[in-house]
1. Taking into account only those residues within the stretch 21-40 that are closer than 12 Å to E74 by Cα and buried (at least 16 other Cβ atoms within 10 Å of the Cβ), which is modelled with the highest pLDDT?
2. Please state which one of N53, N59 is loosely packed, with under 10 Cβ neighbours inside 10 Å and either at pLDDT 65 or above or hydroxyl-bearing (S, T, Y) (or both).
3. What single numbered condition from (1) at pLDDT below 90; (2) of a type in the set (K, R); (3) out of contact with any helix residue (DSSP H, G or I) (no Cβ under 8 Å at 6 or more places or on another chain); (4) surrounded by 10 or more Cβ atoms within 10 Å (Cβ to Cβ) fails to hold for R43?
4. Tally time: how many residues in the stretch 22-36 are free of Cβ contacts under 8 Å to residues at least 24 places away in the same chain and either assigned to a loop (DSSP other than H, G, I, E, B) or within 9 Å of the chain's Cα centre (by Cα) (or both)?
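The values are calculated or read from the model by the stated rules, or taken from the named source; none is laboratory data. Every value quoted in this text rests on a predicted model; they were computed, and no experiment measured them. Cβ coordinates were reconstructed from backbone atoms using ideal geometry, including for glycine residues, and neighbour counts include every protein chain displayed.
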Amino acid sequence: MKLALLLTVPVLFVAAGCANPVKIVPALTEDEKQTLTCKEIGRESDRLNILLNQLRHGNEPLFGNDPAQIQQAEQAAQWRLNQIRELSVQKLCVFG
């Protein structure tokens, strides 16, 4: 009985790890647009590019995440990335 119980515990951990919630990023607020520095804009741009790459090409879980949620998260991240790019032009930020 104990052996059967011990064998089910790893299965539960694996099942719980497969269903990661999808991160939906909010759009930039006016306060954020005013206070972000060029350095922070560059970091946010990198973070959003990584997130988009993970959403588009990441490992698919065995079960869990609804494709509609993934598409909504991808659209939200792309929208915020576009806002960040526009803000970097407005603030004359130079990266690289």
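1. V25
2. It is N59.
3. (1)
4. Selection size over the stretch 22-36: 1.
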